[in-house]
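Step one of this worksheet: look at the structure below.
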Amino acid sequence: MTTKTLELAPQRDLIAGTWSVPEHDLGADLADPNTGAALQRQLQSDTAAVDRAIAGAAELHEVGTWRNTSVAQRTELLRRTADLLAAQAADVARYDAINTGVVESVTELFAQGLSDAVRSAADHLEADPGRHDPADAGRPVHLRYLPWGPTAVIAPWNAPSFIVAKKTAFALAAGAPVVAKPSNWAPASTALVAGAIHQALTEAGLPPTVFQLVHGGRDVGQQLAGDSRFRALSFTGGRAAGVAVTQAAAADCKALQLELGSNNPAIVRADADIDATADALISGFTKLNGQWCESPGSVAVVADVHDALLDALLDRLRNIRFGHCLDPDSQMGPQAHHSQYQHVSDAVAKLRAAGAVVHSVTPIPDSAGYFHAPVVIDDAPIALTTDEIFGPVLTLHRVSDDAAALALANTRNTGLAGYVFSTDIDEAMALGAELNCGEVKVNGTSVLDLVPESTQGFWGASGVGAHGDAELLRFFRGARIIGVERTGLPI
């Protein structure tokens, strides 16, 4: 068992270059997910403090100091930020593990990727500075891609540092001032991200209102979403919160990117390699302790191989090493917080009460922490398995053939990711092309993109927009064309 001390970075707002402690207590604790012991109170920024941050971003955009900086200045700032983040990767990983329950060996991989994500924003800006002049116009015509305006970034608790760092980096690349808000359940690592950006701004002599950080729950999220001074907002989180953000943002028609989660379908064909399929599904639905939006959730498996797949899944679940999130020997840790643990427990209990068979074979620690064993659920009523659980739960559904599997998969009203398992790649690719999902992987469940230039739409109720690096830069900018009118037009 680990002997590391569990401590979190203090929650501090960063407004106009000044650090301060948020004024309000949200009435709940940030707890050690391994034991349930309280670590910090959740804090929320005062309404007036949030307004000051928004006003600073709006004023900066109005005078044009940041949006008119050169591409070279913006890329230099981003690359300096990337260097600073690389030096803090270990601390970021530890805080993310404590806030999410995900084992540190995994959060280290995300933390080490922060600098690459920020450098990618710089690279994409250099490749596409936003200046596209028609070569054959014969007169001055300029097509420009410019920042919409001040931008809000609202991050989830399951990938707090990565979302804040990446979304902010691409918004800054676009020339937009950013006000970011981490989840009230996972604020610790974003303090390090904010510190790195602030240091890079200070070293470059740039205004501190280029990036600001506030804290809180729904109320602050609603304040950010409903403020007309923001012209773009990127939100990652649950559907209910996303709908509330959308409603708050609707009055002024700001640009929205919403990634709201998904109950992702997987199809297992009769010719699938059962061992390889079981390996991939186990990796997929236990990754991040099941707390990730592209986890395989609902498996349509051809009846002839159903029993073999179930046996293979359970064999692997028996061998998962559950433990403390900071223990290097742990393969899987606790759920992030008590509310998340209770949500998963209630969802499983509901399916069991409806007649489903719940298979739970993974030994869990004898602890007061939020450890929920991964479960495979069989024979659940299909109508009760359409929604995302967002936990280590996999439902199996017997189907007669590929057509029935596809029909079942496409009854889900969300479509972030889909999966197909087969030894016939051509057939798997053809089947995957019919799934109503933004990204479909054949014979794998990695969290990484299929190719570096990947883009992935948020289909159905999974959200609005898409992700992918080029797509992200495009979201934070709007097109404006300026030119001398053609002569002799008929109308």
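Which of the residues spanning the stretch 256-279 are open to solvent by 20 Å² or more (accessible area, probe 1.4 Å) and of a type in the set (A, V, I, L, M, F, W, C)?
Across the stretch 256-279, the qualifying residues are 256, 270, 274, 276.
Tally the residues that are open to solvent by 20 Å² or more (accessible area, probe 1.4 Å) and outside any helix (DSSP H, G or I), restricting the search to the stretch 302-323.
The total comes to 5.
I'd like to know if the stretch 434-446 contains one or more residues that are assigned to a helix (DSSP H, G or I), over 20 Å from residue 414 (Cα atoms) and modelled with pLDDT of 95 or more.
First pass over the stretch 434-446, keeping only residues assigned to a helix (DSSP H, G or I): none.
Taking every residue of the stretch 434-446 in turn, none turns out to be assigned to a helix (DSSP H, G or I), over 20 Å from residue 414 (Cα atoms) and modelled with pLDDT of 95 or more.
Is it true that some residue in the stretch 46-53 is assigned to a helix (DSSP H, G or I), polar (S, T, N, Q) and open to solvent by 10 Å² or more (accessible area, probe 1.4 Å)?
yes
Answer with yes or no whether residue 25 is within 19 Å of residue 186 (Cβ to Cβ), touching a strand residue (DSSP E or B) at 6+ places or on another chain (Cβ under 8 Å) and open to solvent by 20 Å² or more (accessible area, probe 1.4 Å). Quick ask: steps written out before the conclusion?
Values: within 19 Å of residue 186 (Cβ to Cβ): yes; touching a strand residue (DSSP E or B) at 6+ places or on another chain (Cβ under 8 Å): yes; open to solvent by 20 Å² or more (accessible area, probe 1.4 Å): yes.
The answer is yes for residue 25.
Please go through the stretch 56-83 and give me each residue that is open to solvent by 40 Å² or more (accessible area, probe 1.4 Å) and of a type outside the set (Val, Ile, Thr), ordered by number.
59, 62, 67, 68, 70, 72, 73, 76, 79, 80, 83 - these are the residues of the stretch 56-83 that are open to solvent by 40 Å² or more (accessible area, probe 1.4 Å) and of a type outside the set (Val, Ile, Thr).
Just checking, which of 160, 177, 207 is in contact with a helix residue (DSSP H, G or I) (Cβ under 9 Å, 6 or more places away or on another chain) and surrounded by fewer than 24 Cβ atoms within 10 Å (Cβ to Cβ)?
Of the residues listed, the single one that is in contact with a helix residue (DSSP H, G or I) (Cβ under 9 Å, 6 or more places away or on another chain) and surrounded by fewer than 24 Cβ atoms within 10 Å (Cβ to Cβ) is 207.
Considering the stretch 409-438 alone, what residues qualify as being over 15 Å from residue 466 (Cα atoms), surrounded by 18 or more Cβ atoms within 10 Å (Cβ to Cβ) and hydrophobic (A, V, I, L, M, F, W, C)?
The answer is 409, 420, 421, 428, 431, 435.
When you look at residue 135, is it more than 22 Å from residue 59 (Cα to Cα) and open to solvent by 50 Å² or more (accessible area, probe 1.4 Å), yes or no?
yes
Residues of the stretch 299-356 being over 27 Å from the mean Cα position of the chain (by Cα) and of a type in the set (Asp, Glu), which ones?
304, 307, 311, 315
From the set of residues in the stretch 380-389 that are touching a strand residue (DSSP E or B) at 6+ places or on another chain (Cβ under 9 Å) and either open to solvent by less than 10 Å² (accessible area, probe 1.4 Å) or in a loop (DSSP other than H, G, I, E, B) (or both), which is farthest from residue 264 (Cα to Cα)?
380
Test residue 247 against the criterion of being under 21 Å from the mean Cα position of the chain (by Cα), open to solvent by 10 Å² or more (accessible area, probe 1.4 Å) and either modelled with pLDDT of 95 or more or within 14 Å of residue 295 (Cα to Cα) (or both), and give yes or no. Full working, then the answer.
Details: under 21 Å from the mean Cα position of the chain (by Cα): yes; open to solvent by 10 Å² or more (accessible area, probe 1.4 Å): yes; either modelled with pLDDT of 95 or more or within 14 Å of residue 295 (Cα to Cα) (or both): yes.
Taking the combined requirement at face value, the residue satisfies it.
The values are calculated or read from the model by the stated rules, or taken from the named source; none is laboratory data. What you see is a predicted model, and the numbers here were worked out from it, not measured in a lab. Cβ atoms come from the backbone with ideal geometry, glycine included; neighbour counts cover every protein chain shown. The accessibility values were calculated without ligands, DNA or RNA, using every heavy atom of the protein model including side chains. Shrake-Rupley method; radii C 1.70, N 1.55, O 1.52, S 1.80 Å.
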